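Colleague: Got a structure here, written out as structure tokens. Questions coming.
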Amino acid sequence: MDSVQNKAVVEEFDRLGMRAGDLARLDALCAPDMVNHALAPGRPAGLEGTREFLRSAQRDVHGARWVEYFIVAEDDMVVQFGSREHDWPGGRFRGFDAPAGTYVRDTVFAYRLMAGRIAERWAIRDDLAMLLQLGAIRSTE
């Protein structure tokens, strides 16, 4: 597959995470032995863990949206970078009690594709910005 087609696969996958599309499409977009490095401990590995996360994330209530983003592809690597706005329902996050609210944080998603399907996925997020904006922690400045 070429870079343009790989970007299209990632963009469709991204829409699934932002309230749009049928989760049955995961089987066409992702390799059966996909490795999702962004899954929380305790979730099933790979494609099934990804499917479980998307089902349990209440995408219709607590979805995310890109404020702005860029997508770059070269060969079988695709990277998305930008700012995403989220509605946090409230609760524990990385050991902090975070009240409900809306926040914006920088996010990077990186993908490796094989034969036009996502084989690996990584997520790098500015969780500190999230916790600060929600008031779960305070800046000393």
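The values are calculated or read from the model by the stated rules, or taken from the named source; none is laboratory data. Computed from a predicted model, the values in this text were never measured in an experiment. No Cβ is skipped: glycine too gets one built from the backbone with ideal geometry, and neighbour counts run over all protein chains shown.
Colleague: Look at segment 79-116 and say how many of its residues are touching a residue at least 60 places away in the same chain (Cβ under 8 Å) and touching a helix residue (DSSP H, G or I) at 6+ places or on another chain (Cβ under 9 Å).
Modeller: 5
Colleague: Out of everything in segment 9-34 that is surrounded by fewer than 18 Cβ atoms within 10 Å (Cβ to Cβ), outside any loop (DSSP other than H, G, I, E, B) and of a type in the set (A, V, I, L, M), what residue ends up being nearest to the chain's Cα centre (by Cα)?
Modeller: If we take residues in segment 9-34 being surrounded by fewer than 18 Cβ atoms within 10 Å (Cβ to Cβ), outside any loop (DSSP other than H, G, I, E, B) and of a type in the set (A, V, I, L, M), then 23 is nearest to the chain's Cα centre (by Cα).
Colleague: Next question. What about residue 53, is it at pLDDT below 90 and either assigned to a helix (DSSP H, G or I) or of a type in the set (Lys, Arg) (or both)?
Modeller: So residue 53 passes the test.
Colleague: Right, here's the next one. Check off (1) free of Cβ contacts under 8 Å to residues at least 12 places away in the same chain; (2) part of a strand (DSSP E or B) for residue 119 and give me the number that stays unchecked.
Modeller: Condition not satisfied by residue 119: (1).
Colleague: Take the residues in segment 78-113 that are among the charged types (D, E, K, R) and assigned to a strand (DSSP E or B); name whichever of them is surrounded by the most Cβ atoms within 10 Å (Cβ to Cβ).
Modeller: Only one residue tops the list, namely 84.
Colleague: Here are some residues: 8, 20. Which one is modelled with pLDDT of 90 or more and either farther than 19 Å from residue 113 by Cα or of a type in the set (Gly, Ala, Ser) (or both)?
Modeller: 8
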